[in-house]
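This report refers to the structure that appears directly beneath it.
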Amino acid sequence: MPNIKYVYEIKSRDFMSAGDASAYIKSVLKKLGLDHEIIRRVAVAAYEAELNIAIHSVGGVLTVEITPDYIDIIGEDRGPGIEDIALAMQEGFSTAPEEIREMGFGAGMGLPNMKKCSDEFRIHSELGKGTKIFMRIYIGGGSNEQ
Amino acid sequence: MNLDRVANVLNAEILLKSANWEHVDVEYACGSDLISDVLAFVKNKTILLTGLTNTQLIKTVQVLDIPAIVFVRGKRPSEEFIEAAKQIGLPILLTNYTMYVACGLLYKAGLKG
């Protein structure tokens, strides 16, 4: 199987579209006949990445690359960046504003959830520039999920 | 547990049935008003009990393959939500019970968490 790469532009605060990329990727993985649990982890990781870009940045790009051995999900945004990554990785910590929380987002589970879903997780952030999140999920298993 | 039984236990109004209504077999339920918590904790085919009615919830349902949704506390979704649910074949039930009572009744009837 050749590698398949998808690149999606994610707009800030566009909650009608956030999730479309993940839903599409999920349908592709289902057609490829991948394991249900792998599909769930990829879909949740990609959806959380989409939501984070929509909630916290002025916009960004979600890239998903499917290879025979693993799936890479990369979220890259333009925005304020994260001041304290260790704090942002804590479950329950969120900087989402009140109007976002009223919609049911901003539980402070996004980043920890992305990490939990991935086998490899890296985050790099620069204040005033943006944040890049790299996640890799191996198709043959190797989950680090508890 | 089938969806007719879920509706019966919750004394629920069936707002929307899907084509596969008869064949949906529910084992688990999750009650939450936080989308990220739902994303973090739902793993198996689980029905969702919630008071959230914003249309973004449809995306969450799609991402997690949630087979049916129950709105608690007498909440009613918008026409836009119902239309989106129709398109993805998502059954919708409405109950006047609070989240606590609705979850308790389903747990007592045998649905796992």
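A few points about this structure:
- Whichever residue in the stretch A:108-142 is within 14 Å of another protein chain (Cβ to nearest Cβ) and of a type in the set (Gly, Ala, Ser) and, among such residues, is farthest from residue A:86 (Cα to Cα): A:118
- Matching residues in the stretch B:22-60 - criterion: being surrounded by fewer than 17 Cβ atoms within 10 Å (Cβ to Cβ) and away from every other protein chain (no Cβ under 14 Å): B:22, B:23, B:25, B:27
- Among residues of the stretch A:29-58, those that are surrounded by 16 or more Cβ atoms within 10 Å (Cβ to Cβ) and more than 14 Å from the chain's Cα centre (by Cα), counted: 3
- Positions within the stretch A:95-127 being at negative phi, buried (at least 20 other Cβ atoms within 10 Å of the Cβ), modelled with pLDDT under 95 and of a type in the set (Gly, Ala, Ser), in sequence order: A:107, A:110
- Scanning the stretch A:1-40 for residues that are small (Gly, Ala, Ser) and on the phi > 0 side of the Ramachandran plot returns A:19, A:33.
- Filter result for residue A:1 (surrounded by fewer than 24 Cβ atoms within 10 Å (Cβ to Cβ) and in contact with a Pro (Cβ under 6 Å, 6 or more places away or on another chain)): yes
- Among the residues of the stretch B:1-21, the one identified as crowded, with 16+ Cβ neighbours inside 10 Å and among the polar types (S, T, N, Q) is B:18.
The values are calculated or read from the model by the stated rules, or taken from the named source; none is laboratory data. In this text, all values refer to a predicted model and were calculated from it rather than measured experimentally. For neighbour counting, all protein chains shown are included, and Cβ atoms are generated from backbone atoms with ideal geometry for every residue, glycine included.
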